[in-house]
Each structure stands twice: as structure tokens, then as C-alpha cells.
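The values are calculated or read from the model by the stated rules, or taken from the named source; none is laboratory data. Quick caveat, the model's predicted, so the values are computed rather than measured. Cβ: placed from backbone, ideal geometry, glycine included. Neighbour counts: every protein chain shown. For the accessible areas, the whole protein counts, side chains as well, though only heavy atoms, and no ligand, DNA or RNA atoms are used. Shrake-Rupley method; radii C 1.70, N 1.55, O 1.52, S 1.80 Å.
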Amino acid sequence: MQSPISHADLQTLLHEADIAARRLIRKLHLSKEDLDDIRQDLLVDLIARLPAFDRQRGSLGAFAGLVLRNQATRIAARIKRERAMFGTAPVSLDEVVPAHDGATRGELVGEEEELSAWLGQRVDGFAAIEQRLAVERGLGLLDRRDGALCAALAHTTIERLAAQGRGSRSTLYRRLEHIRLALTAHGLKAA
């Protein structure tokens, strides 16, 4: 299989990627071990953009330099965002914290600081249990027809229920409003 890139062009691309990677390593104070990863990220982007190269408009080295400079800017922004979020040096959760009687960092992280809290999930287990019990109590106080409507609405819409002949849309909406008022009267808040 013949390569669409000549040996001389390949050397030019590798040389330009090496220069851009070393510049980025130096500017961001990264370790030398990151050089190969940065160079690879730069080359992948460059190869993806290579079909846009036009020899009539300039040399391959100039094109590669421009593409690599732009990609290096995006990589630098990503690294700066990660540093702002996680700090400059990675920290192990298994690391023992000296001032806490042999406890690890992972043991000292509260539930409100864990990843699930960052992603918007409920972190208070007691509140989740209390919410579930309140919903069960409130649904138990409803009429059987209203409970069946709540169960059906968990999987479909009012429009589909009306199309299935479970009642008119206006009737279903009135029943849903009645259910909301009844649940609110029993102490449940709207989700």
C-alpha cells in the first residue's frame, strides 16, 4: 500500500509536531513524560486536517505550523481547565493524611463533595429515604383510580392516555391537578 504522504513531507510533519509539543510542554511546565502524548494529540489533529492543505497557498511546514499552533492552544486551554478544577498535582485518595490519625484522603471526603454531588445526584441518604416514604404514604392516601393514573403517567403522556380512550385530555389534566393538590395537602412538594 502506497502512502499518500512522501517521506520528506512526513519528516516535515513530525518535525513541526515535535516543535509544537516541546513548546507546549515548556509553556505549561509539564513533565517530559507528557511529550509523547501531546505530540500524538497534535499529530492526530494535523492528519485529520491534512486534506485541507493546498500547495498553491503555501508550504506544508507553514500549514502544519498553523494547524499545530491552533490545536496546541486548545490543548493548553483544556489543561488549564483541568488544573483549575483538580489542582496542579494529582492527589491520591489512598494517601494517608498525617494530622488525622492515619485516615486517608478518601475517608475524609464528605458526601457533599463526592462526584455524585457534582453531577447533581442526591447525596443525603436519609433525605432520599424520607422522600420515598412520603411518596408512598401520599400515594396510599389517593383514590385507586388516581393511583392507576399516576402509575400510567410514569410511562406515558396524557395525550397518549387520551388517545387510548382513558378519558379526554381535559378530564385527565383536571384529575392530575386534583392529585397534585391532594399530595401537597399531605406534605409532598412538587419535584
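General remarks:
- When ALA84 is tested against (1) part of a helix (DSSP H, G or I); (2) closer than 28 Å to LEU10 by Cβ, only condition (2) is not met.
- Residue among VAL67, VAL91 that alone is of a type in the set (Val, Ile, Thr), open to solvent by less than 50 Å² (accessible area, probe 1.4 Å) and either at pLDDT below 80 or in contact with a Lys or Arg (Cβ under 8 Å, 6 or more places away or on another chain) (or both): VAL67
- Scanning the range 162-186 for residues that are part of a helix (DSSP H, G or I) and touching a residue at least 12 places away in the same chain (Cβ under 8 Å) gives LEU172, TYR173, ARG175, LEU176, HIS178, ILE179, ALA182, LEU183.
- Here ARG144 qualifies as surrounded by fewer than 15 Cβ atoms within 10 Å (Cβ to Cβ) and not hydrophobic (A, V, I, L, M, F, W, C).
- Subset of the range 28-49 (residues that are surrounded by fewer than 18 Cβ atoms within 10 Å (Cβ to Cβ) and closer than 19 Å to PRO90 by Cα): LEU28, HIS29, LEU30, SER31, LYS32, GLU33, ASP34, LEU35, ASP37
- Here is the figure for the range 75-89: residues that are under 25 Å from ILE47 (Cα atoms) and over 18 Å from the mean Cα position of the chain (by Cα) total 1.
- Filter result (among the charged types (D, E, K, R) and either open to solvent by less than 100 Å² (accessible area, probe 1.4 Å) or in contact (Cβ under 8 Å) with a residue 60 or more places away in the chain (or both)) within the range 7-22: ASP9, GLU16, ASP18
- Qualifying residue in the range 97-113 (condition: over 24 Å from the mean Cα position of the chain (by Cα), modelled with pLDDT of 85 or more and surrounded by 10 or more Cβ atoms within 10 Å (Cβ to Cβ)): yes
- If the condition is being assigned to a helix (DSSP H, G or I) and free of Cβ contacts under 8 Å to residues at least 12 places away in the same chain, then the range 54-79 contributes ALA62, PHE63, LEU66, ASN70, THR73, ARG74, ALA77, ARG78.
- ARG78, sole failed condition from (1) surrounded by 12 or more Cβ atoms within 10 Å (Cβ to Cβ); (2) among the charged types (D, E, K, R); (3) more than 30 Å from HIS7 (Cβ to Cβ): (1)
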